[in-house]
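Everything on this sheet refers to the single structure shown next.
The values are calculated or read from the model by the stated rules, or taken from the named source; none is laboratory data. Bear in mind the structure is a predicted one, so any value in this text is a computation, not a measurement. With ideal geometry, Cβ positions are generated from the backbone for all residues, glycine too; neighbour counts draw on all protein chains shown.
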Amino acid sequence: MSVTQSVIDFIRTLPGDAIPAQAREMGRRALLDTVGVTLAGVDEPSARAVRDVLAAEGASGRATLLGTAQRSSLAGAALANGTAGHALDFDDVTAHMSGHPSIPLAPALLVVAEDTGASGADLVGAFVVGFEVECKIGRGMGRSHYARGFHQTTTLGALGSAAACARLLGLSRDETAHALGIASSMAGGLRANFGSMTKPLQAGNAARAGVVAALLARRGFTGGDDILDGPFGFVRAFSPADDGDLEQIGGFGDPWEVVDPGISVKKYPCCFVSHRAADATLSLVRRHGITPEQVERVEVHLPGGQVSPTGGVGPMIHPRPKTGLEGKFSMQYVVASAIHDRALRFATFEDAAVRRPELQALLARVHPVNDTARHPAATSDQYCAVDIRLAGGRVVSEALVEPRGGPADPLSWEELLEKYRDCAERALPAERVARSAEMLVELDGVRDVRELTATLATDA
């Protein structure tokens with residue numbers, strides 16, 4: 001059996017009751033968080049622009065644009081909601097995908113579930129299946145996929161979204177194969193767009209791709225029926241160094257990716273690569289009462305050659321940011337803001353905040369460093385260590401292996417709900433925030449997803 005056929009069989013034939021309770025719970029947690037950050041991002045310029053384009057085209061339809069009174073086509077709503085959900089870069093991440101797993105899935109599934117009147121339990125099951133597909137494929141992609149500049153949230157996300165929608169729509173074996181083939185040719189996204197509005201657009205487009213691919217396949221539209229395998233298949237095309245390994249794509253549900261390696265939920269609305277440094281910096285500032293005036297130099301120590309010659313750290317490619325979006329992808333700005341503001345909030349990543357002269361001066365004193373040997377404060381080979389040198393020569397240090405919100409130190413349900421309420425109240429009235437939160441926590445018991453989406457819209 002080909003790898004593609006094994007993926008198709010998993011999507012189609014897995015019994016709903018074969019998904020364990022822990023995996024379903026993690027799916028509900030991810031959906032709660034993703035809907036929340038989508039509502040928080042509704043008023044961001046990128047999200048407004050997408051809705052304006054849909055409205056200017058006269059787009060209307062059956063699907064809810066979350067946090068608004070607008071409706072659109074299924075494809076348009078997936079694009080708009082997916083863009084809003086990634087606009088703040090506040091959505092979750094996972095290891096094998098090296099990106100954001102939930103944002104290509106949740107917007108696509110919500111519009112399809114709303115259109116078909118699917119149950120919350122079916123939505124959760126489809127989410128876990130789509131998550132499994134995109135992450136298991138991610139295991140087989142090789143280092144060159146990301147290294148060459150592909151945005152894996154959008155390349156792998158398009159396939160995961162198509163798989164999830166195919167599952168929810170109950171597509172046949174051939175239709176599911178065609179949906180994956182169609183989505184593979186709609187997959188795309190470049191890391192060069194990080195720090196611009198196009199990064200969230202890419203996530204929205206991945207959600208849209210899954211919806212369109214599944215709906216076309218259901219109408220008889222065809223695509224390649226063995227799209228992952230072969231010299232011109234997805235893995236070889238998107239892993240240019242031929243380091244992709246098809247044998248790594250398998251073992252579905254053993255373990256479930258949503259459980260192991262699991263999901264990292266963000267505490268701060270910026271690139272997750274900076275979260276360990278943010279946690280360590282905030283801990284030092286609060287414990288030692290550090291003020292910006294005391295700081296002479298900050299070193300952010302990272303193992304494994306993660307720091308580029310220009311001062312970038314992985315996807316954090318803006319050492320001297322000038323806009324809020326660039327600030328989300330600047331290790332220097334995140335650390336400087338943690339020192340100056342003693343917190344990292346939505347307002348931290350507004351353009352005016354980034355352009356503050358005192359912040360620009362402070363971030364120039366922040367220096368990411370490639371460690372050639374383990375930092376003295378580290379207890380593991382995988383860490384981020386922050387050294388703050390104060391006036392007078394004193395140095396305080398802290399090293400972290402796992403940021404708060406990661407699989408080893410997850411947020412509680414109450415902490416997730418606190419984040420949800422903080423996000424959702426930016427778009428919804430209080431009573432809808434409360435009701436939608438209740439339904440998302442108990443999503444497996446929701447009879448018709450339209451009951452949920454009605455609470456996620458506004459009246460005007």
Pick out the one residue from VAL93, VAL129 that is crowded, with 24+ Cβ neighbours inside 10 Å and among the aliphatic types (A, V, I, L, M).
VAL129
Qualifying residues in the range 386-441 (those that are among the β-branched types (Val, Ile, Thr) and in contact with a strand residue (DSSP E or B) (Cβ under 7 Å, 6 or more places away or on another chain)) - the one surrounded by the most Cβ atoms within 10 Å (Cβ to Cβ):
VAL386
Looking only at helices (runs of 4 or more DSSP H) that fall completely inside the range 50-168, which ones have 2 or more residues that are more than 25 Å from ARG12 (Cβ to Cβ) and either touching a strand residue (DSSP E or B) at 6+ places or on another chain (Cβ under 8 Å) or at pLDDT 95 or above (or both)?
74-86
Taking ARG148 as meeting all but one of (1) of a type outside the set (A, V, I, L, M, F, W, C); (2) buried (at least 23 other Cβ atoms within 10 Å of the Cβ); (3) in contact (Cβ under 8 Å) with a residue 60 or more places away in the chain, write down the number of the exception.
(2)
Return yes when PRO376 is under 20 Å from LEU302 (Cα atoms) and free of Cβ contacts under 8 Å to residues at least 40 places away in the same chain and no when it is not.
yes
Checking ASP254, ASP242 in turn, the sole residue that is farther than 23 Å from THR155 by Cα, assigned by TED's automatic domain parsing to the domain that holds MET26 and either in contact with a helix residue (DSSP H, G or I) (Cβ under 7 Å, 6 or more places away or on another chain) or among the acidic types (Asp, Glu) (or both) turns out to be ASP254
Flag if VAL354 is in contact with a strand residue (DSSP E or B) (Cβ under 8 Å, 6 or more places away or on another chain) and surrounded by 13 or more Cβ atoms within 10 Å (Cβ to Cβ)
no
Return the residues of the range 386-420 that are in a helix (DSSP H, G or I) and either in contact (Cβ under 8 Å) with a residue 60 or more places away in the chain or of a type in the set (A, V, I, L, M, F, W, C) (or both); say none if nothing qualifies.
TRP413, LEU416, LEU417, LYS419, TYR420
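Looking for whichever is among the hydrophobic types (A, V, I, L, M, F, W, C) and in the same structural domain as VAL259 (by TED's automatic domain parsing) here; the options are VAL369, VAL395, VAL449. Which one fits?
VAL449
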